[in-house]
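This report concerns only the one structure given below.
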Amino acid sequence: VHPIMVKVSFLDYGAGNIRSLRNALLRVGCEIIDVQSAEDIANAQILIFPGVGSFGVCIDNLHSKGYFDALKAYVTSGKPFYGICLGMQSLFEGSEETPGKAGLGVIPGTVARFTDTSVSIPHMGWNCFRIQKQNAMTAKFSSMKERFYFVHSFRAAPTPANKEWVAALTDYGSDANSFISLVSKGRVCASQFHPEKSAQNGLNLLSAFLEMATMADLPAEVAAPTEGRTQLAKRIIACLDVRENDQGDLVVTKGDQYDVREKGGEG
């Protein structure tokens, strides 16, 4: 738990599946302020942006609520930001999931389908990451050790153009399926996996983000590419939510699987 209650602005565009994230943020010491307007985004000190569903619906909702330009301005300003799943994918220029629909365009590249059809899609379950640079977000983690919960059918591939953003990679199937699982540049971060579904490892990552967001000065980033291959856990393990028990305490419990096979999957 973060030693001081930290105020975070929570951008919910109507994605659903956010209760466990709200609980996880409370668990690590956050006071949550719900975004109600573009002005709330502009005034945020720390912004959390979860995303579930399709890329096109996410972008359309940001436009319809008048959030798109404010969100892009916030992220490009370098203020503390953490995007989750589709919240990470939206930072890219676009997605094959919704051709012609422009993303925020903060990170170079287009999110694409997994190309290795020998593995099951979506990529769903517990996998690790390979750290590519040491910074405030990755310092307390190890490559190919801690597992996080993923559920997605599209992924962002690492390229020379987005290399400075790539904090960690994850593997699934062939080399062509390797994807960016954590981006971090300055105080702007995002993950393809769901920290709120990832038990203590996820809570630790959220805590690392809060520490980074509130540091007076960030430590220097050091390139530290890790080779090898991460592996999806072979046995099926349910995602782990942060929920309130009968006594009102927030605890980690076995979660509900997302129904991602309807309407083309999630992210």
Next on the checklist: Kindly evaluate Leu218 against the criterion of being out of contact with any Cys (no Cβ under 9 Å at 6 or more places or on another chain), part of a helix (DSSP H, G or I) and of a type outside the set (Asp, Glu).
Outcome noted: no
In this structure, is Ser191 farther than 26 Å from Ile18 by Cα and touching a Phe, Trp or Tyr at 6+ places or on another chain (Cβ under 9 Å)? no
Flagged in the range 140-195 as modelled with pLDDT of 95 or more, aliphatic (A, V, I, L, M) and open to solvent by 50 Å² or more (accessible area, probe 1.4 Å), in numbering order, are Ala161
Note on the range 66-111: residues touching a strand residue (DSSP E or B) at 6+ places or on another chain (Cβ under 8 Å), within 24 Å of Ser9 (Cβ to Cβ), open to solvent by 20 Å² or more (accessible area, probe 1.4 Å) and not aliphatic (A, V, I, L, M) are Gly78, Lys79, Gly105
When every residue in the range 202-227 that is farther than 19 Å from Lys133 by Cβ and polar (S, T, N, Q) is compared, the one most open to solvent (accessible area, probe 1.4 Å) is Thr214
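Tally the residues that are in a helix (DSSP H, G or I) and under 20 Å from Lys7 (Cα atoms), restricting the search to the range 31-72. Give the steps one after another, and end with the answer.
Of the range 31-72, the ones in a helix (DSSP H, G or I) are 38-43, 55-64, 68-72.
When the remaining residues are screened for being under 20 Å from Lys7 (Cα atoms), the result is 38-43, 70-71.
Final tally of qualifying residues: 8.
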Those residues of the range 14-62 that are out of contact with any strand residue (DSSP E or B) (no Cβ under 9 Å at 6 or more places or on another chain), under 20 Å from Arg155 (Cα atoms) and of a type in the set (A, V, I, L, M, F, W, C) come to a total of 1
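Consider Gly29 carefully, then state whether it is small (Gly, Ala, Ser), within 13 Å of Gly83 (Cβ to Cβ), at pLDDT below 95 and open to solvent by less than 10 Å² (accessible area, probe 1.4 Å). Break it down into steps so the answer makes sense when it comes.
Details: small (Gly, Ala, Ser): yes; within 13 Å of Gly83 (Cβ to Cβ): no; at pLDDT below 95: yes; open to solvent by less than 10 Å² (accessible area, probe 1.4 Å): yes.
So Gly29 fails the test.
The values are calculated or read from the model by the stated rules, or taken from the named source; none is laboratory data. Not measured: the values here are computed from a predicted model. As a convention, Cβ positions derive from the backbone with ideal geometry for all residues, glycine included, and neighbour counts pool all protein chains shown. Ligands, DNA and RNA are excluded from the accessible area calculation, which covers all protein heavy atoms including side chains. Shrake-Rupley method; radii C 1.70, N 1.55, O 1.52, S 1.80 Å.
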